[in-house]
Structures are given as structure tokens and as C-alpha cells.
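*Asks:* I'd like to ask you about the structure that follows.
A short reminder: the numbers here are calculations on the coordinates, not readings from a lab. None of these values were measured; they are calculated from a predicted model. Cβ placement follows ideal geometry from the backbone for every residue including glycine, while neighbour counts extend to all protein chains displayed.
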Amino acid sequence: MNSRWKKSVLPLPPGPQGLPWIGNTFQMPQKKQWVHLNNWANLYGDIYHLRVFSTQYIVLSSAKAASDLLHTRSSIYSDRPTFVMGGELVGRDVSVVFSHYGERLRTYRKLLHAYLNPNSSHSHVKDQIEAVDHFLLGILENPEETMPRIRAMTGSIVLRIAYGHIVKGGRDYFVDLAEELSQMTGEAIQPGRWLVDSFPILRHVPSWFPGAGFKHWAAEKRKRSDEIIFSPLKLVQQQMANGTALPSFVSDLLSSTSHSLGPNAQHIIACVASSFYAAGTDTTASTLETFFLMMILHPEIQRKAQAEIEAVVGPDRLPDLDDRPLLPYIDCLIKEVYRYHPAAPVILHRVMKDDEYAGYFIPAGCSIYVNIWAICHDEENYTDSDRFWPERFMPDGSRELPPDPREFVFGYGRRSCPGKHLGDATVFLCVARTLAAVNIVPALSAMGTLNTPEIRYTSAPVSHPEHFTCKVTRRSQHL
């Protein structure tokens, strides 16, 4: 009895009963997908099966199952599903996030790792601090603009590092481009929106054919995507030609390694850099928006964190990255922000070969849903998981500490985020310097009452708190 036959007679994981031919298509959630997937996990276990027309899905809802497959067996679980609309038709399959596993992805990640590894991340601290302090001055002046200024701040950091572009204040063309690319990508990969994702043959339908409006939409977005990807690269090339380019990821690659990347060097550099600034801006902004929301809702946690900064750093300066090892409560607070609502609540992988796990058959080509939100709300690891409670990560000698959510929220294995060290450093600097410099409280309504926000999140692939406002007051003169 050969192993291929053994695997083929094993059952698929359990899952909700579907209909003939269409499977679970009409049961798939369109909003707050992570919550609905977790409800199924409560019924069927931490690994279960779904089918949408002919596409098979395996859903992983525990840290153990995700680690066993995506870390331990990363050689066969590091692919991405094919997104017909978002990838092939709109053209986002050239990005780091959506590239299939292979030589192109390995090249992308090698280039990013050389610039964003932990040893080099300290070289970017000055740019991060300047952007954070500029953000803090901005929200002191206009606290109602806190959410858009968070996005502008994260965008300015990534743009400075990726392209040497300095955001001087106000609306910035390239920050807006990053936001546009993120929104476009989210629309293009929205689950259940595009029939062509379930029936790929529809991509061959002529644009003039009735019902083929999606082809016009895709062509328009593909053209715009190309413009967004290449316009900052062209600016760096112009600056290099006239001697005004600042050191950056792109200028370094263009001057030192483009010859080794072959005839498509500029295309490779443009795609890697655009992935850097589109993905890095959105996810870090989501995390920091959650931080501000939680500080409004939990003033006692805010005061405790501020007291630690005062005791360790003192009143004469703001915290920097070197203070991090001395600020354990701040670190616990950041872990809890990551855990409470992961920026990407659900991530997708694809298995490249037939496999077996926990007595179940996992067919080659299956899409793997990893419910990061469910992993971060697993009651076995995080008691009272819906409560925002940084103390769960503080050692007290009486219990085993829960897993650090950074093991999950930045992805798994060979698809983990190559910019995680930069992103995590940005989060620390913004959290610590914000707590030292300002108080965050609810905004006042027009009637003079406290406008306390509710906890509501968008259902996009990168999920953000729904718009809220706050009031900030100065605590430090060191801005």
C-alpha cells in the first residue's frame, strides 16, 4: 500500500454541510469573516474543510495546527492561492504578498531581508522618530485628524526608507498613492465579490460581452496599479540623475545590484518597493489605530503605562528604541494591541503537495485559511480573550505566560512579513513616545458630552477600527 493511496483514503477534515456542486458558497461570510470562521471552528475543531464551487479550503484555527503546517512543513505550505481578479487581471500577482512561491518570491524576499533585517533596522530609527514626533505635533493641533495622520505617519516612514521621499506635512501625493493601492487591492481580492475567482474561465470572456463589466474594471485598475508602482521609482531615477537622491532601498538597489537582477531589474525593484510601501503602511496603521482606540477606552491602562515611562525614562526626554528592554509593561501593552485585533485577521496560504495531518487528507492545491484572529482569541492561551488586558503577558511567577502574538500576526514560515522588525519598531516608538508626550481621552460631542467610541472594525483584508475621534492634551515639552 503506497503512501499516495494511504493519503487518498483518509477523510477530509469535517466541516459544515454544503450543497451539491456549489458546496458552501452561500454560507461563506462577507463581513467579519474571522468571527464566522471561528464559530465553525467551535463546532468542527481547529482544522476543518470548506468548498466554494470547485475550490477546496482548509481552515486552521489554532496556533499548533498553523505552526505544524506553515512552519514545520513550510516547503509545501508557502504558496499563495491564485487570485484571478486581484492577481492576474488587476496585476497584483507581481507583489510580494500575492506572488506564488518560487524563484521570483525568493528574489523579492532576499532583497527585502538585506535592507530590513534586525541588524539594519536600527539605522532607520532617526527617520521613525522624526515621523512620530511630527505626527504628535499634528494631533496636538488637530486631534480630530488622528486617524488620517496615523496613516500619513506610517506612510512617511516607509516612503523615506523605500524611496528617500520626505513627507513635508499636509497631504502627500505618494502617501495618497499608497492608500489608493491598498484600497484597490482590498477591493480586488474581496472574498465572494468576483465570480471570475470561482470560475476562472470567465477571464477569457470578451470585454464587450454582456455581464463582462468586471473586465473593464480590472483593466482600469491594472493601468492605475502600474502607474502607482512605477511613478515613485521614476522619481528616484530622476533624482539620481541630477544628484539629489537620498539614500534609500530603491536608490541602493538601482546603484549596486540592478545589474545582477537581469534585464527585468527595474520591474523587480519597482514591484518589491511598492509592496513594501503599500503593505507596510496599511498594517502598521491598523495596529496603531487599535492602540489609540484602546487608550481612549482604558484610561487606567494608559496611566499605568505612562507611570512606567516616567519612572524609567524620566521627564527630560522622550523614549527611544534603546529604552525598550527597560519598559516591560509597554512591551506587554504592545503585545496586547497586536493580539486584541490583528491587522490581518485572516491570511491565506496554499498547499503544493498532497499532505496528511491529524488523520485527515489535505489535497494539493487546497487554499489554507489561517484564522489569526481565532488564534489570538484562543481561550486556552488567552483567558478572557475579549478583554483588553496587557497584564496577561506580565510574568508573576504563578502561571505560564501565553504565546507572544508576534509569532502569529506577522505571518508564518517563508511567507512571514519581511518588514516585521521595522514595523514592530515603529509601533514601539509611536506607542512609547505618544504615552510620554500626550494624554488620550474621548472627544467631546457638540453637546459637550464625552463621545466614547464603540469597538467596531472594518471587514477588509487589512482590518481597521471604524472611524473614531479623540482629544489629546500635552504632557511633555520635549516635542
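*Asks:* Order 230-242, 295-307, 55-67 from most to least packed using the mean count of other Cβ atoms within 10 Å.
*Replies:* Per-residue mean Cβ counts within 10 Å order the peptides as 55-67, 295-307, 230-242.
*Asks:* Moving on to the next point. Hey, what does the equivalent ellipsoid look like for segment 374-479, semi-axes from the Cα gyration tensor as sqrt of 5 times each eigenvalue, largest first, whole Å?
*Replies:* Result for segment 374-479: semi-axes of 29, 19, 18 Å.
*Asks:* So, one more: Over all pairs of distinct alpha carbons, what does the Kirkwood formula give as the hydrodynamic radius of segment 190-340, in Å?
*Replies:* Its Kirkwood hydrodynamic radius stands at 20.5 Å.
*Asks:* So between T469 and D252, what do we pick up on full extension, going 0.36 nm a residue minus the alpha carbon distance?
*Replies:* So the extension gain works out to 74.1 nm.
*Asks:* Follow-up question, since we're still on this one. Please give, to one decimal in nm, the separation of the simple spin-label points placed at L43 and M28, each 7 Å out from Cα toward the Cβ.
*Replies:* 1.8 nm
*Asks:* Membrane-span-like helices in the chain: DSSP H runs reaching 30 Å or more (Cα, own axis), mean Kyte hydropathy at least -1.0?
*Replies:* Helices meeting the criterion: 213-242, 265-297.
*Asks:* Can you list, bin by bin at 10 Å, the percent of alpha carbon pairs in segment 311-406, starting at 0?
*Replies:* Going from the shortest bin to the longest, the percentages are 13, 31, 26, 19, 7, 3, 0.
*Asks:* What's the center-to-center distance, using Cα atoms, between segment 325-342 and segment 159-228 in Å?
*Replies:* 34 Å
*Asks:* Work out how much length L19 to H36 would gain on full extension: take 0.36 nm times their residue separation and subtract the Cα-Cα distance, in nm to one decimal.
*Replies:* 4.3 nm
*Asks:* Per the Kirkwood treatment, what hydrodynamic radius in Å, one decimal, follows for segment 243-311 from the mean inverse distance over all distinct Cα pairs?
*Replies:* 15.6 Å
*Asks:* Report the label-to-label distance for D322 and E310 in nanometres (one decimal), using points 7 Å from each Cα along the Cα→Cβ vector.
*Replies:* 2.5 nm
*Asks:* Another one. As a test of the formula, what do you get for the chain when each DSSP H run with n ≥ 4 contributes -39,500 (n - 2.57) and the sum is divided by the residue count, at 222 nm and rounded to the nearest 500 deg cm²/dmol?
*Replies:* -14500 deg cm²/dmol
*Asks:* Can you check how the C-alpha radius of gyration of segment 356-398 compares to 2.2 N^0.38 Å, as a plain ratio?
*Replies:* That works out to 1.75 for segment 356-398.
*Asks:* Report the semi-axes of the equivalent ellipsoid for segment 7-161 in whole Å, largest first, where each axis is √(5λ) for an eigenvalue λ of the Cα gyration tensor.
*Replies:* Each semi-axis is the square root of five times an eigenvalue, giving 38, 22, 17 Å.
*Asks:* As an exercise, identify the trypsin sites (Lys or Arg not before Pro) in segment 114-170 lying in DSSP coil whose Cβ has no more than 16 other Cβ atoms within 10 Å.
*Replies:* The qualifying sites are K168.
*Asks:* What ranking do 25-37, 341-353 get when scored by the average of other Cβ atoms within 10 Å per residue, highest first?
*Replies:* By packing density, highest mean first, the sequence is 341-353, 25-37.
*Asks:* Using a 10 Å cut-off on Cβ atoms, rank the peptides 320-330, 128-138 from the highest mean neighbour count down.
*Replies:* Put in order of decreasing packing, that is 128-138, 320-330.
*Asks:* Mind checking the full-extension length gain between V9 and V205? Use 0.36 nm per residue of separation minus the Cα-Cα distance, one decimal, nm.
*Replies:* The span from V9 to V205 would gain 66.8 nm if fully extended.
*Asks:* Then there's this: Checking a compactness column here: for the chain, what do you get for Rg(Cα) / (2.2 N^0.38 Å), N being the number of residues?
*Replies:* Compactness ratio reported: 1.01.
*Asks:* In nm, to one decimal, how far is the D404 label point from the E391 one, both placed 7 Å along Cα→Cβ?
*Replies:* The answer from the label model is 2.3 nm.
*Asks:* Follow-up. What Kirkwood hydrodynamic radius, in Å, does segment 150-273 give when the mean of 1/r is taken over all pairs of distinct Cα atoms and then inverted?
*Replies:* Answer for segment 150-273: a Kirkwood hydrodynamic radius of 16.6 Å.
*Asks:* Take the cross-link list K304/K335; K31/K215; K126/K168; K64/K335; K110/K420; K304/K471 and give me the ones stretching past 21 Å between alpha-carbons.
*Replies:* K31/K215, as the Cα separations exceed 21 Å there.
*Asks:* Take the Cα atoms of segment 147-213, find their three principal axes, and give me the spread along each one in whole Å, biggest first.
*Replies:* 47, 21, 19
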